[in-house]
Amino acid sequence: MSEVVRQDWRAGRGTALRGSLLVPGDKSISHRAVMLGALAEGTTEIHGFLEGEDTRATARIFTQLGVRIETPAPTVCLVHGVGLHGLRGADEVLDCGNSGTGMRLLAGVLAGQAFDSVLVGDASLTKRPMRRVTDPLTAMGARIDTGDGGTPPLRLHASAGLRGIDYALPVASAQVKSALLLAGLYADGETVVREPHPTRDYTERMLATFGWPVESAPGVVRLSGGHRLHAARIDVPADFSSAAFFIVAATIIPGSELRLQAVGINPRRTGLLQALRLMGADIREENPRDDGGEPVAELLVRYAPLHGIEVPPALVADMIDEFPVLFVAAACATGRTVVRDAAELRVKESDRIATMAAGLRTLGISIEETPDGAVIEGGALGGGSIDTHDDHRIAMSFAVAAQRASGEVRIKDIATVATSFPGFVELARGVGMSIDGITGSSRQ
């Protein structure tokens with residue numbers, strides 16, 4: 001068996017977090033801006049674009065499909081749109097890397113094209129369920145083959161025409177909703193998506209910015225085919241999911257006072273803020289404003305003692321990506337925190353319930369897994385070695401946990417952090433976190 005180079009972190013108790021920082025641009029918005037810019041007429045300017053591996057993969061795929069994309073400056077993209085029907089088939093497979101968002105949304109776009117496409121991903125993405133997308137797309141008339149068990153690769157055959165459907169999502173998912181809306185651009189008639197709980201509305205907001213009529217109300221979105229997308233300027237706010245690691249770190253490290261700049265505070269994204277405030281966190285929103293169709297604010301976060309809560313089920317869909325770091329906050333709180341209705345965590349980049357539970361137990365925290373969540377007893381954190389299962393959010397969450405640990409925390413396999421948060425270590429160290437990279441280790 002060949003030897004594989006592994007990247008780890010070594011982290012430990014840090015100092016109080018101080019200062020001001022700007023985290024990278026929102027990943028979800030960056031994906032969608034490239035996609036809709038490619039399908040628009042004219043040149044779309046994207047400012048604040050996330051230069052992560054996931055978003056680069058999406059941009060690279062549209063380049064393969066015949067779209068010219070320029071990067072005249074860091075975090076700036078110019079997407080020369082080819083119009084709704086201007087994409088060209090690629091001879092090669094389209095590699096989404098680690099990005100489930102990219103693959104699911106691209107399935108919606110490619111379902112209506114007049115050419116065949118094959119979407120592939122890395123080892124982690126190849127294990128993730130895709131039938132939740134391919135089944136409703138098939139009901140719209142798409143022809144899609146999957147791997148065994150409904151996993152990637154996805155083979156999308158040339159479309160003979162899509163038709164709009166009225167579809168009730170069995171599980172709240174912004175990715176599935178977005179895939180169906182994107183397919184709906186190519187469909188005859190009206191596409192309606194109904195949600196059991198409202199989810200992120202980035203796609204709806206951005207479609208409107210690009211000039212496509214969309215009707216939305218809590219729990220339902222509808223659009224009709226037959227319109228055109230027009231190029232726009234998109235200003236990408238700082239990614240709330242990236243800011244979340246620093247929000248929790250400043251909350252749990254005594255003496256901290258940290259300002260986070262220009263953070264996107266879309267209410268369908270910020271359930272973590274509400275949960276932390278219920279736990280006693282001191283988080284203030286300052287200079288709220290609307291920037292390119294998205295609400296933005298500065299967040300001033302100060303240390304505050306936390307207490308356990310039962311996380312309201314209504315918040316779950318609005319904080320699904322932030323649960324790993326919420327588990328860390330719960331481990332540092334007094335008393336018990338209960339998470340329910342979060343079974344979606346089991347089919348992320350890793351089984352995030354199991355992975356977080358194993359890691360917190362290693363650090364001395366009592367945690368009981370349930371099928372759809374966990375019961376976490378706050379306590380003292382010790383040192384240990386953490387297996388991230390190649391999950392970027394797990395890695396960064398344990399980097400935060402280490403700042404309260406009594407011993408060194410070794411965080412294994414952190415290379416995937418580059419998919420969503422390039423420069424995390426440099427920013428973290430700049431405000432007082434103790435974290436170092438270790439390269440050159442290996443495994444068989």
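No lab work stands behind these numbers, since they all come straight from the coordinates. Because the structure is a prediction, the values reported are computed rather than measured. Methodologically, a virtual Cβ is constructed for each residue, glycine included, from the backbone with ideal geometry; neighbour enumeration extends over all protein chains shown.
FRET efficiency for the pair Val338 and Arg131, taken as 1/(1 + (r/R0)^6) with r the Cβ-Cβ distance and R0 = 41 Å, rounds to 0.85. GNM remark for the chain: springs join alpha carbons under 10 Å apart, and the peak mean-square fluctuation among Gln175, Gln274, Gln403 falls on Gln274. Treat segment 27-79 as a sphere of radius equal to its Kirkwood radius over Cα pairs and apply Stokes-Einstein at 20 °C in a medium of 1.002 mPa s; give the translational diffusion coefficient in µm²/s, rounded to a whole number. Rounded, D is 201 µm²/s. Amide H to amide H, with H built 1.01 Å from N, Asp282 comes under 5 Å of Arg302, Ala304, counting only residues 5 or more places away or on other chains. For the pair segment 120-174 and segment 391-434, the centres of their Cα atoms are 33 angstrom apart.
In the elastic network of the chain, a GNM with C-alpha springs shorter than 10 Å, the most mobile of Leu278, Leu363, Leu119 is Leu278. The mean of 1/r over all pairs of different alpha-carbon atoms in segment 58-129, once inverted, gives a Kirkwood hydrodynamic radius of 13.1 Å. Applying the Karplus relation 6.51 cos²θ - 1.76 cosθ + 1.60 with θ = phi - 60° to segment 117-132 yields 3J(HN,Hα) values of 9, 10, 9, 10, x, 6, 4, 5, 5, 5, 8, 8, x, 10, 5, 4 Hz, where x marks Gly and Pro. Each label point was placed 7 Å from the Cα along the Cα-to-Cβ direction; for Leu300 and Asn287 their separation is 1.2 nm. Its Cα gyration tensor gives the chain an equivalent ellipsoid. The semi-axes, each the square root of 5 times an eigenvalue, are 36, 23, 21 Å from largest down. Our coupling estimate for segment 363-379, obtained by passing each phi through the Karplus curve with A = 6.51, B = -1.76, C = 1.60 and θ = phi - 60°, is 8, x, 9, 7, 9, 10, 6, 10, x, 10, x, 6, 10, 10, 9, x, x Hz, Gly and Pro reported as x. Taking amide H as placed 1.01 Å from N in the peptide plane, the amide H of Thr15 sits under 5 Å from that of Ser434, each at least 5 places away or on another chain. Separation of segment 255-311 from segment 56-103 is 33 Å, based on Cα centroids. Given +1 at the Cβ of Lys and Arg, -1 at the Cβ of Asp and Glu and no other charges, the dipole of the chain around its Cα centre is 260 debye to the nearest 20.
Neighbours of Glu190, meaning other residues whose beta-carbon lies under 12 angstrom from its beta-carbon, give a summed charge of -1 when Lys and Arg score +1 and Asp and Glu score -1. First select every other residue whose beta carbon is under 12 angstrom from the beta carbon of Ala329; then total the charges, Lys and Arg +1, Asp and Glu -1. That sum, taken over residues with Cβ under 12 Å, equals +1. The residues Lys412, Lys177, when put in order of fewest to most other Cβ atoms within 10 Å, stand as Lys412, Lys177. Near Gly81, the amide H atoms lying under 5 Å from its own belong to Gly42, Thr43, Thr44; only residues 5 or more places off or on other chains count, and H is placed 1.01 Å from N. Could you work out the local net charge near Thr146, counting Lys and Arg as +1, Asp and Glu as -1, over the other residues with Cβ closer than 15 Å to its Cβ? With Lys, Arg at +1 and Asp, Glu at -1, the net is +3. For segment 265-330, the dipole from Cβ point charges (+1 on Lys and Arg, -1 on Asp and Glu) about the Cα centre works out to 180 debye, to the nearest 20. Computed per residue of the chain from DSSP H runs no shorter than four, each worth -39500 (n - 2.57), the mean residue ellipticity at 222 nm is -8000 deg cm²/dmol.
For segment 94-158, relative contact order (Cα pairs under 8 Å, six or more residues apart, normalised by length) works out to 39 percent.
Pairs of alpha carbons in segment 67-217 separated by more than 27 Å make up 21% of all such pairs.
Per-residue Karplus couplings for segment 181-198, computed as 6.51 cos²θ - 1.76 cosθ + 1.60 with θ equal to phi - 60°, are listed in order as 5, 5, 5, x, 4, 9, 9, 6, x, 9, 9, 10, 10, 10, 10, x, 9, x Hz, Gly and Pro entered as x.
Within segment 1-62, report the GluC sites (Glu not before Pro) that DSSP leaves as loop and that have at most 10 other Cβ atoms within 10 Å. Those satisfying the criteria are Glu3. Of all the options Ser256, Ser224, Ser385, the one that moves most in a Gaussian network model of the chain with Cα springs shorter than 10 angstrom is Ser385.
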